[in-house]
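The structure appears below as structure tokens.
The values are calculated or read from the model by the stated rules, or taken from the named source; none is laboratory data. The shown structure was predicted, so the numbers you read here are calculated from the model rather than taken from an experiment. Glycine also receives a Cβ, built like all others from the backbone with ideal geometry; neighbour counts cover every protein chain displayed. Keep in mind that these areas ignore ligands, DNA and RNA; they rest on the heavy atoms of the full protein, side chains included. Shrake-Rupley method; radii C 1.70, N 1.55, O 1.52, S 1.80 Å.
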Amino acid sequence: MNSSDSPTTASQSVPSTKLEQQVQQLQEEIAQLRQENEQLRQQKETEFSIEIVNQQQKTTQQQTQALEKANPELWKPDRLLEITAIAASALLTIENFDEAVKTALQTLGEGLETDRVTVIENFTLPSKELPGWKVLYEWNSPHTIAQIFDLNTSQGCYEEIRDWHDLFCQGQPVSCQIEQMPEPFRGKQAAIGVKAFYLVPIFVEGKWWGVLGLDDCREAKHRTLAELAVLKIAANCIGSAIQRDRTQKAMLQAEQARSQELERLNIQLQQSLDHLSESEERFRTLFELSSEGFHYMEIDPPCPVTLPIEKQCEWLYNSIHVVKANPAFAAMYGVDHPNELIGLKNSDVHAPGSEKNALFIRGTIESGYRFRNLETEEIDRQGRLRYFLNSGVYTIQDGYLVNAWGTQIDITELRETQQALLEAEQARSQELERLNTELQQTLDRLSESEERYRTLFEISSEGIFRVEYDPPIPLHLPIEEQIDLYYRSLCVAEGNATYAAMYGFDDAESIVGLRLSDIDVSTSQQNQSFMRALIESRYQLRNAETEEIDRYGNPRYFLNNITTIIKDGCAIGGWASQLDITELRLAQQALLQAEQDRVAELAKANDALKQTVDALATETDLNRFLGHVLKVIAEQLDATLTEYWYHPKPDNIAYVGLTYWQEKILKPEEQSGHVGLFGYPVPPEMIQQDSPHHRRRYFITEDIASSEVHSRIAHEYGLDAGAWYQSRGVNRFLNMPLILGDRTIGALIVFLPSDRHFTEQQIELTYALAQQVTLAIQLTRLAEEAKQAAILEDRNRMAREIHDTLAQSFAGILMQLQAATLNLIDDPEQVIVHLKRASNLTREGLAEARRSVSLLLQEDAAYSDLLSSLHQLIEQMRCNTDVPISVNVEGTPYPLNPEVGMHLFRMVQESLNNALRHADPSTIQINLSYATQKVSLCIQDDGCGFDLEQPTNGFGLKGMQQRADLLNAQLQINSQIGTGTEVHITAPTHPS
């Protein structure tokens, strides 16, 4: 149960008649205040005007009387007083005050026959010791320059006229001719035509307020003290009138503001009354329809407010009861109609023992009997626990609590929900605590990361910087427009010291504000490609190269990594890092140039090598080839002198072979006095040793004249190489040895002047040419050896042919002649037979000799048919022996190469002759086998055999082996004493 905030009386409702009475009473009070205010304003104005006039008249009379007493001889006193009175009257009677002042000044000016009358007011200057002055009002005679519109003369400071300031403070006037004025004041007055002036101080309420000035511009006039005294009256009248006008205007403005405020308050009051009337109607509707529980309660008996709080709590708990309630209030307790709750007390519904309920009763009292949102725990008619939020106000009459209005909101669902939420919140709190711990750990790591980042930012060898795009770059623009905007808008906002140093700056602050146009090479195709790639990748790029310039205009090359912040479809800024690869790029350019130079040198060297290879392939004369090489070396190395030296014997004496000098190839005999003409002793360290561990590819002597080795040779042998070569204009040389196998056979020596040095390319070229020279020398040597070997082979071949043809024929002839000799007496006919046989053998031997000679010159086709040649051979031998000889053939015979056929035939012939002469066989058998790509022979006899280990003096077996070697054939001889002999031959069908 609770009460409401709405103000109430002791009755059950608020009567509308009482509100109307209060409004009417308030309106009457406002009208009365307005009337009193108007009367007061009129009274004050009248009193003030009368007082001012009386005071001015009284002052005028007093000053007039004083002047009359002081100077009885006053010039025209009546006229001056009359002018002053007219001026004072104008100030009082003319409604427009500015016009009134101007009229008063005009009256004074015309009456005194002066040219300018001014009212000058003082004002404070904060930075000055003395006050300032300014012209407030001015009257000018015709043709007189106006002063008030000239800022140079219409205001100033009394520090320029300090003496006059002191006189004014004492109430003394000042009169002065133009010549007597101090500078720069005099120059300013002369500029507006002043010849003399009179200044009278103005006092208002006893304080110096300003001055009244009279300027004579046409001619200077003399003013008496009496005139000046009268002018004081006029001056004070004018000053007082100005101050009075200001006071009246201030009062009028204040009154107008007060009237406006009263009118505003009246409007607000009327609006409040209207709202109260509307609120009464709305209250009636709200009371019935509201979802809040509205209720009216009475306290019976009333509770004295003077009781202690504990007593009041007990009183209210037992005495307050419901008198009236709305349907929403009834529903909160589970009843259908509000009347069922009339008479309901706190004790009927409050949950017993509830701490909240005890605090509720105390809270209604401690809050001054007006309370809001106090919670109670109560029991409805069904016995369910309910939670209500109560607000209300008690009505106090004569020190007693008599009744109360209250509202309550059912927050049962809210509390039940809160309970569930509390449990969820407790779980969530635990989770948040865990997350908070993790967050704190993350923050700690972030702090460490921030510190590491700052450290890295400062000490990094990379240039790290942040850029801004001003203006931002819209990503929807075409690429070309984005490139243009990127170039113009990029600005460095932050960077580390490394980044600054890349552009030649001493500190990072110096690069802030640096724009891309300051450092970019706009004509660089590399930079154009970089910007296009950056935009196409949505401003995220890695390892992109740019060409830029530092603050001194030096070219720089950087490798950039960029990440950009995109906001609202625009690139607004980002972070980037860059590596300075300037040294790398410059080194690459230098290497490229060096490589191009090297390629040119190699091309030149290759051309030289090609020339020497061509010469090596075509030139048969070694000396002409060597001369060509010396010429090529001289041309390629731009050498003054080149020489070829050789070592004919494995000793330390070397001889000059050829020299190329002054575009001529010189033989040794054409160089009289040359140190190598008759041999030059070369030290061991300059000769290639047999051991590979002592190999020296080449050596260079920088100065032959000062060389220790050559100086020693000159001293020991009298051969001054230094003097000889210096006479040719050279003293530095490269010695490139000619190495064949494990020994040095000579050297190529290239000479240069002292101002030239050998390059690696020149040395390599000389080495390659030296290899060709070595090859040429070796080829020449091998050719000579081959020539001698060919002669020897021809001799051996002739020996074999003589042995196998003529020697055999001569042996057969010798046998027939011996047989004929034996039968010469006993059997003459048999002699004739032997002689015929000898004659036939002679013819056959001559034919064999001719065939052998023919075969030495060219091939003889008769040996191609090996089988026929063997049959013919067997027929010839049957004439000289009775031993049967048979031939067995395997495979299909085919023609052989004549050389192969001839060598196989001779080997079979040698085997048969050896068997018939030395083995005494009873039979001989020849097996001939034809196979693909080879032919095989086996000559087998059943003679006495022989010991293969015993040396023989004959040429036959040696000749057979030589023929087998020439054919790349296999020759195998098997023999044992008493078992006969076998000769096996297997040869390819074509010679190798």
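What the table shows:
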| item | result |
| --- | --- |
| Top-ranked residue in region 331-341 [being open to solvent by 10 Å² or more (accessible area, probe 1.4 Å) and part of a loop (DSSP other than H, G, I, E, B); ranked as farthest from Thr306 (Cα to Cα)] | Asp336 |
| Condition check for Tyr486: assigned to a helix (DSSP H, G or I) and in contact with a Gly (Cβ under 9 Å, 6 or more places away or on another chain) | no |
| Residue count for region 688-712, restricted to those that are assigned to a loop (DSSP other than H, G, I, E, B) and modelled with pLDDT of 65 or more | 8 |
| Whichever residue in region 224-268 is aliphatic (A, V, I, L, M), over 24 Å from Val101 (Cβ atoms) and assigned by the TED database to the domain that holds Asp98 and, among such residues, is surrounded by the fewest Cβ atoms within 10 Å (Cβ to Cβ) | Leu225 |
| Identity of the residue in region 406-426, modelled with pLDDT of 85 or more and of a type in the set (A, V, I, L, M, F, W, C), that ends up farthest from Asn326 (Cα to Cα) | Ile411 |
| Matching option when the condition is among the hydroxyl-bearing types (Ser, Thr, Tyr) and buried (at least 21 other Cβ atoms within 10 Å of the Cβ), among Thr932, Thr989, Thr981 | Thr981 |
| Any hit, region 865-876, residues being out of contact with any strand residue (DSSP E or B) (no Cβ under 6 Å at 6 or more places or on another chain) and at positive phi | no |
| Tally of residues being touching a residue at least 24 places away in the same chain (Cβ under 8 Å), surrounded by fewer than 17 Cβ atoms within 10 Å (Cβ to Cβ) and over 21 Å from Val335 (Cβ atoms) across region 362-395 | 4 |
| Residue match in region 669-684 (condition: under 21 Å from Leu765 (Cα atoms), assigned to a helix (DSSP H, G or I) and at pLDDT below 75) | no |
| The one condition in (1) farther than 19 Å from Ser868 by Cβ; (2) surrounded by fewer than 17 Cβ atoms within 10 Å (Cβ to Cβ) that Ala919 fails to fulfil | (2) |
| Residue under evaluation Val135, criteria (1) outside any helix (DSSP H, G or I); (2) buried (at least 18 other Cβ atoms within 10 Å of the Cβ); (3) touching a residue at least 24 places away in the same chain (Cβ under 8 Å), criterion not met | (3) |
| Filtered residues of region 82-112 (kept if over 17 Å from Glu138 (Cβ atoms) and assigned to a loop (DSSP other than H, G, I, E, B)) | Ile94, Glu95 |
| Those residues of region 473-483 which are touching a Leu at 6+ places or on another chain (Cβ under 9 Å) and open to solvent by 40 Å² or more (accessible area, probe 1.4 Å), in sequence order | Leu477 |
| Filter pass, Tyr499 being buried (at least 17 other Cβ atoms within 10 Å of the Cβ), aromatic (Phe, Trp, Tyr) and out of contact with any Phe, Trp or Tyr (no Cβ under 6 Å at 6 or more places or on another chain) | no |
| Set Asn403, Asn357: member being under 16 Å from Tyr317 (Cα atoms) and at pLDDT below 90 | Asn357 |
| So Ala634, is it small (Gly, Ala, Ser), outside any strand (DSSP E or B), surrounded by 15 or more Cβ atoms within 10 Å (Cβ to Cβ) and at pLDDT 85 or above | yes |
| Those residues of region 192-217 which are open to solvent by 40 Å² or more (accessible area, probe 1.4 Å), at pLDDT 90 or above and outside any strand (DSSP E or B), in sequence order | Lys195 |
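One line per residue, one yes/no per condition, for (1) part of a loop (DSSP other than H, G, I, E, B); (2) of a type outside the set (S, T, N, Q); (3) more than 17 Å from Pro681 (Cα to Cα); (4) touching a helix residue (DSSP H, G or I) at 6+ places or on another chain (Cβ under 6 Å):
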site: Ala714; (1), (2), (3), (4): no, yes, no, no
site: Pro737; (1), (2), (3), (4): no, yes, no, no
site: Gly746; (1), (2), (3), (4): no, yes, no, no
site: Glu764; (1), (2), (3), (4): no, yes, yes, no
site: Tyr767; (1), (2), (3), (4): no, yes, yes, no
site: Thr774; (1), (2), (3), (4): no, no, yes, no
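Each row is one residue, and each column tells you yes or no for (1) within 21 Å of Glu377 (Cα to Cα); (2) surrounded by fewer than 19 Cβ atoms within 10 Å (Cβ to Cβ); (3) among the small types (Gly, Ala, Ser); (4) in contact with a strand residue (DSSP E or B) (Cβ under 9 Å, 6 or more places away or on another chain).
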position	(1), (2), (3), (4)
Ser291	yes, yes, yes, yes
Phe294	yes, no, no, yes
Pro301	no, yes, no, yes
Pro304	no, yes, no, yes
Asn318	yes, yes, no, yes
Phe329	yes, no, no, yes
Ala351	yes, yes, yes, yes
